[in-house]
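The values are calculated or read from the model by the stated rules, or taken from the named source; none is laboratory data. Please read all numbers here as calculations on a predicted model, not as lab measurements. Cβ atoms come from the backbone with ideal geometry, glycine included; neighbour counts cover every protein chain shown.
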Amino acid sequence: MPAMIASNIRHAALAVFIIVCASSPAMAYVGPGAGMGLISSFLALAAVIGLSLAMTLLYPLRALYRKFRGGAQEDPGSPAAPAQDKVEDKAPKP
């Protein structure tokens, strides 16, 4: 079975190679707007990959910093603070 898959891949690669070599150049004009769009999309992709790697690597360091600092001192009014149960009179008010 793996030999058959390898053979199919070789045949497909050969077909693609022949099609690419046999084609003629398009001689099409690509304007400056398309080039700038291509460059900006690659820059955005590089920024996303870089920031995701940086945050992945920096998150354990932030956790260690908070652990050694003594935990996060959160504001009781912040949405991230745990909700505190309030005991109130459940009787309906007139």
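Looking only at the stretch 37-56, decide whether some residue is exposed (fewer than 10 other Cβ atoms within 10 Å of the Cβ), over 24 Å from the mean Cα position of the chain (by Cα) and assigned to a helix (DSSP H, G or I). Checked the stretch 37-56: no residue is exposed (fewer than 10 other Cβ atoms within 10 Å of the Cβ), over 24 Å from the mean Cα position of the chain (by Cα) and assigned to a helix (DSSP H, G or I).
Determine, yes or no, whether Val30 is under 33 Å from the mean Cα position of the chain (by Cα), assigned to a helix (DSSP H, G or I) and without any contact (Cβ under 8 Å) to a residue 24 or more places away in the chain.
Working: under 33 Å from the mean Cα position of the chain (by Cα): yes; assigned to a helix (DSSP H, G or I): no; without any contact (Cβ under 8 Å) to a residue 24 or more places away in the chain: yes.
For Val30, the condition - under 33 Å from the mean Cα position of the chain (by Cα), assigned to a helix (DSSP H, G or I) and without any contact (Cβ under 8 Å) to a residue 24 or more places away in the chain - is not met.
Here's the yes/no breakdown for (1) surrounded by fewer than 10 Cβ atoms within 10 Å (Cβ to Cβ); (2) among the small types (Gly, Ala, Ser); (3) out of contact with any Pro (no Cβ under 8 Å at 6 or more places or on another chain); (4) at pLDDT 85 or above:
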residue: Met1; (1), (2), (3), (4): yes, no, yes, no
residue: Phe17; (1), (2), (3), (4): no, no, yes, yes
residue: Pro25; (1), (2), (3), (4): yes, no, yes, no
residue: Gly33; (1), (2), (3), (4): yes, yes, yes, yes
